[in-house]
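The values are calculated or read from the model by the stated rules, or taken from the named source; none is laboratory data. Just so it is clear, the model here is predicted, and its values are computed rather than measured. Because the Cβ atoms are built from the backbone with ideal geometry, glycine has one as well, and the counts that use them run over all protein chains shown. These area figures cover heavy atoms from the full protein model, side chains too; ligands, DNA and RNA do not enter into them. Shrake-Rupley method; radii C 1.70, N 1.55, O 1.52, S 1.80 Å.
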Amino acid sequence: MHEPPSIDSENLPLAQAPVSDEHGEAAPGRSEATSDAVANDQPARSRRREGLQAFQNSLFARMDAASSEDLQSRRLAVNIGGVLCLINLAEAGEIVPLSSLSAPMSVPLTQPWYLGMVNIRGNLVGIVDLAAQAGRERQVPDRDSRVLVFAPALSPNCGLLLSSVMGLRQLSEMHVIQKKLNEETELIGIVERYKDRGGTEWNEIGLATLLNDAAFLQIGR
């Protein structure tokens, strides 16, 4: 079962302390106005949090309910440093918001694209920036960043840094394309390329393929 990841609550702004006038008396109106502004902003923030949680709950529910046939025809759509990628559901473990994790523990004498190790539910998971590994710009963490943990059947414990998660896609709505490789900035682990009905191109990344690629496994300098 895919357990919906926990979402860190946004830090709500604190009401400012009353500003005193020259006689040491609290200046009227400022504290009340700030408190009112915070109170008025809280419903909007709550709706945003609920919307994000609902999206992730829906995504994981669909992944859990997928039959073996669905696992073959559906893919998890993600953004890796600006490259649109597809992940086989059978190879995907859980998806964790980067903001919910402690900063990765750096490992000495490793490649710059190996971000370090994080503790996810008691398991140490090594995080890789696949875009940086390919020679692209490093992904800049933000509120949409996620860590995709490999399925338990795959080992060792690895995770990919994602710029964002985009939901599920049906392969039946795409067709296979041939595209000239750009070896200088090509993501490793690509097993197939597709174009959807809207003309958007996708690269399918095989997580099992990555674990058999020496370039992915060689994290030492």
(request) Using a 1.4 angstrom probe on the protein heavy atoms only, line up Ser106, Ser163, Ser145 by accessible area, largest first. (result) Ser106, Ser163, Ser145
(request) Can you figure out the FRET efficiency of Ser155 with Ser106, using R₀ = 25 Å and their beta-carbon distance, to the nearest 0.05? (result) 0.65
(message) How large is the accessible surface of Ser100 in square angstrom, using a 1.4 angstrom probe and rounding to the nearest 10?
(response) 40 Å²
(message) Given R₀ = 25 Å, what would the calculated FRET efficiency be for Ala215 paired with Asp144, taking r from the Cβ atoms and rounding to 0.05?
(response) 0.40
(request) Rank these residues by their accessible area, most exposed first, probe 1.4 Å: Asp142, Asp213. (result) Asp142, Asp213
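Which shape class, rounded, prolate or oblate, goes with the stretch 91-157 when its Cα gyration tensor gives a ≥ b ≥ c as root eigenvalues, a/c under 1.5 marks rounded, and past that a/b bigger than b/c marks prolate?
Note, shape of the stretch 91-157 comes out rounded.
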(message) Quick check: at a probe of 1.4 Å, how many percent of the accessible area of the stretch 94-153 sits on carbon and sulfur atoms?
(response) 54 percent
(message) Taking the solvent-accessible surface of protein heavy atoms with a 1.4 Å probe, what is the per residue accessible area of the stretch 97-221 in Å²?
(response) 55 Å²
(message) Please list Lys179, Lys195 from largest to smallest accessible area, probe radius 1.4 Å, with all protein chains kept in place.
(response) Lys179, Lys195
(request) Could you work out how far apart the two model spin labels at Ile177 and Val191 are, taking each label as a point 7 Å from the Cα in the direction of the beta carbon, and quote it in nm? (result) 2.1 nm
(request) Return one quarter of the surface area of the convex hull spanned by the alpha-carbon atoms of the stretch 107-221, equal to its mean projected area, in nm². (result) 8.5 nm²
